[in-house]
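One structure is given below, encoded as structure tokens.
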2 protein chains.
Amino acid sequence: MEANTRVFSFLGGAAGPWRVTQTRTVTGASLPVASRLEIAAGKVPASSADWCLQGAISNTRYVTRAESDRLAAVQATLGRSEAVQATLIPIRKNAAWWALAQDERRHILEESSRHIVIGMEYLPAVARRLYHCRDLDQAQPFDFLTWFEFSPAHVSAFDELLARLRKTPEWSYVDRELEISLLRES
Amino acid sequence: MEANTRVFSFLGGAAGPWRVTQTRTVTGASLPVASRLEIAAGKVPASSADWCLQGAISNTRYVTRAESDRLAAVQATLGRSEAVQATLIPIRKNAAWWALAQDERRHILEESSRHIVIGMEYLPAVARRLYHCRDLDQAQPFDFLTWFEFSPAHVSAFDELLARLRKTPEWSYVDRELEISLLRES
């Protein structure tokens, strides 16, 4: 069988185009501090890396058509030349979150926490991609990997976005979170 | 890293406690006809099998709290001694389905097709478990594997359930479907 082309590996180690400028443990257990990050297509053996996190790009789970259309109208693509800063945020949510039904999760995420609406305020400055980790072959230490890219001019806006999201009811279900800040050097 | 304990392999071949009584291709390409089925925990090499399908038990994607509570009140567990018949239904949905937003998929699945409500009419006779295939490491030929167990007394009720679901708007998005009928012999 062929590899799932939506699966990617994030390898923290001594190699890769992204230099790690800070590894911050927001909630729960930390990860070893790596000096560089490489993103590889597929499931890559992590033998030479300090850590390896994997996730799959998948269909959206909460966004409505109206929200999706509004997002599509303003969002930026990854890989913009000016977006030399990136942040990788691995997150795990607790068992209580995963035991909720779809309408309960949607209600907490948007009607109560405004996750989508808040994120939209920072578009197109902050480009974003979500990777899902729960249904991969190997048990993963996180449920999601979120990748953000932005220019140095938008660092403080990005920090504000994170601060606002972390104060929401949704974040009371987050039991592990890291914030890995990166600078593109190639 | 450890294996994801929610991942299972369905091995069609010459071994296993389930005898294949019929392999029906409902839509799209068929699979080789196997004589027996084995279900193994984790990702199992398919070397000796005619086919190997993998899926992960995951969180629900559409069911509301009210529906979930109603389901929990009536549904049966797998492995009942009288439930010697089983059917494995591998399904793939087309790209148009996966490009829909959450509210559009929910609307088609339940408000328009009554998938959850129809299924509930056949509880507790038909026990069911859904496996998700899209976010595994290897590209899978199907998006879902649904496993049904019931007693010989409920075969025609089960056939009726399938016939009703296949007439719904949701099924216009199904571009590959097999129906593998099984009898437990151990």
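Things worth noting here:
- Exclusive hit being of a type outside the set (S, T, Y) and at pLDDT below 95, set B:A46, B:A29: B:A46
- Within segment B:104-113, none of the residues are in contact with a helix residue (DSSP H, G or I) (Cβ under 8 Å, 6 or more places away or on another chain), within 18 Å of B:A76 (Cβ to Cβ) and not acidic (D, E).
- Positions within segment B:54-80 being touching a Ser or Thr at 6+ places or on another chain (Cβ under 8 Å) and either open to solvent by 70 Å² or more (accessible area, probe 1.4 Å) or within 30 Å of B:D103 (Cβ to Cβ) (or both), in sequence order: B:Q54, B:T60, B:S68
- Evaluated against (1) over 16 Å from the mean Cα position of the chain (by Cα); (2) within 24 Å of B:A56 (Cα to Cα); (3) small (G, A, S); (4) assigned to a loop (DSSP other than H, G, I, E, B), B:A76 falls short on exactly one condition, (1).
- Qualifying positions in segment A:58-109 - among the β-branched types (V, I, T) and touching a residue at least 60 places away in the same chain (Cβ under 8 Å): A:V84, A:T87, A:I89, A:I91, A:I108
- For segment B:82-96, the criterion of a residue being over 16 Å from the mean Cα position of the chain (by Cα), modelled with pLDDT of 95 or more and among the hydroxyl-bearing types (S, T, Y) is satisfied by no position.
- Test: residue in segment A:47-55 that is more than 20 Å from A:L165 (Cα to Cα) and among the charged types (D, E, K, R): yes
- Tally of residues being of a type in the set (V, I, T) and touching a Pro at 6+ places or on another chain (Cβ under 8 Å) across segment A:62-101: 2
- Residue ID - farthest from the other protein chains (Cβ to nearest Cβ), chosen from residues in segment A:94-150 that are more than 18 Å from A:T60 (Cβ to Cβ) and in a helix (DSSP H, G or I): A:S112
- Selection status of A:A40, farther than 30 Å from B:V63 by Cβ, more than 10 Å from chain B (Cβ to nearest Cβ), in contact with a Ser or Thr (Cβ under 8 Å, 6 or more places away or on another chain) and small (G, A, S): yes
- Looking only at residues in segment A:86-98 that are open to solvent by less than 50 Å² (accessible area, probe 1.4 Å) and out of contact with any helix residue (DSSP H, G or I) (no Cβ under 6 Å at 6 or more places or on another chain), the one that is farthest from A:S156 (Cα to Cα) is A:W98.
- Given (1) open to solvent by less than 20 Å² (accessible area, probe 1.4 Å); (2) more than 30 Å from B:V63 (Cβ to Cβ); (3) free of Cβ contacts under 8 Å to residues at least 60 places away in the same chain, number of the condition A:P32 does not satisfy: (1)
- Count of segment A:1-29 residues, restricted to those that are without any contact (Cβ under 8 Å) to a residue 40 or more places away in the chain, in a loop (DSSP other than H, G, I, E, B) and more than 14 Å from every other protein chain (Cβ to nearest Cβ), is 3.
- Hey, A:V63 within 14 Å of chain B (Cβ to nearest Cβ) and at pLDDT 95 or above or not: yes
- Candidates in segment B:43-60 are the residues that are among the small types (G, A, S) and facing chain A (nearest Cβ under 8 Å); of these, the one that is farthest from B:Q138 (Cα to Cα) is B:S58.
- Exactly one residue out of A:A125, A:A101 is over 25 Å from B:D137 (Cα atoms), surrounded by 15 or more Cβ atoms within 10 Å (Cβ to Cβ) and in contact with a strand residue (DSSP E or B) (Cβ under 7 Å, 6 or more places away or on another chain), and it is A:A125.
- Residue count, segment A:153-180 (criterion: open to solvent by 20 Å² or more (accessible area, probe 1.4 Å) and under 15 Å from A:Q85 (Cβ atoms)): 7
- Matching residues, segment A:157-186, being closer than 12 Å to A:N94 by Cβ and not in a helix (DSSP H, G or I): A:V174, A:D175, A:R176, A:E177
- From A:A99, A:A40, residue being small (G, A, S) and over 18 Å from the mean Cα position of the chain (by Cα): A:A99
The values are calculated or read from the model by the stated rules, or taken from the named source; none is laboratory data. The shown structure was predicted, so the numbers you read here are calculated from the model rather than taken from an experiment. All Cβ positions, glycine included, derive from the backbone under ideal geometry; neighbour counts span all protein chains shown. We work out accessible area using only protein heavy atoms, side chains counted, and drop any ligands, DNA or RNA first. Shrake-Rupley method; radii C 1.70, N 1.55, O 1.52, S 1.80 Å.
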